[in-house]
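A quick write-up on the structure given underneath.
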Amino acid sequence: MRRVRVVAAVIRRGGRILVTRRHGHAERGGQWEFPGGKVEPGETEPEALTREIREELGCELRVGPLVARTEHGYPDLHVELGFYECTLPEGAEPTPIGAAAMDWAEAGRLAEYDFCEADRPVLPGTRRDLSGAGGGLDQWGRPPPPRGVPPPCPPPPPGGGRMAGVEARCLAAASRPSPAGAEG
């Protein structure tokens, strides 16, 4: 099975999130996704994301922190997907030059779009600021853990899907003892 490392931008503007629709002739044609693409050999993930947004949307962006990492197995492809909170520089206006369409979707309505399966696990987290700056809550609306305590595992995605890799990391973290002196 082919394996690919992909990066995606979560770009917000006025309570909306930028999403793009894949061309009908592409793999997973017609489905919606967060804009981004494959990481080429020799590129860092932020470099790949900057390049992909230039190619797909014809604009620059500022790549912020990694906010989620998921893995998904399609019948023909295994995808490791890193999601980054990003911003557009002032005056930057994306245009769907490498996508069939784009939309500034309301965060609470993203579930109404037919998203690629690999993007779906992060949809619940988009209701809040994924960077954690939104009122001190994490991307799933929970308060952060005490300093020195690993973050809790994410809830399962809607419909009971699996987030391969995330579960393994969560199980490993849960089996570790709490750090001595962790503040509560």
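Every read-out reported here was derived from the displayed coordinates using simple, explicitly stated rules and does not represent laboratory data. Values in this document were obtained by computation on a predicted structure and should not be read as measured data. Cβ atoms come from the backbone with ideal geometry, glycine included; neighbour counts cover every protein chain shown.
Mind listing P(r) for the range 68-120? All alpha-carbon pairs, 5 Å bins, whole percents.
4, 12, 17, 24, 25, 12, 3, 1, 0
Students often check this: by mean Cβ neighbours within 10 Å, which of 5-17, 87-99 ranks highest, and how do the rest follow?
Averaged packing, sorted descending, gives the order 5-17, 87-99.
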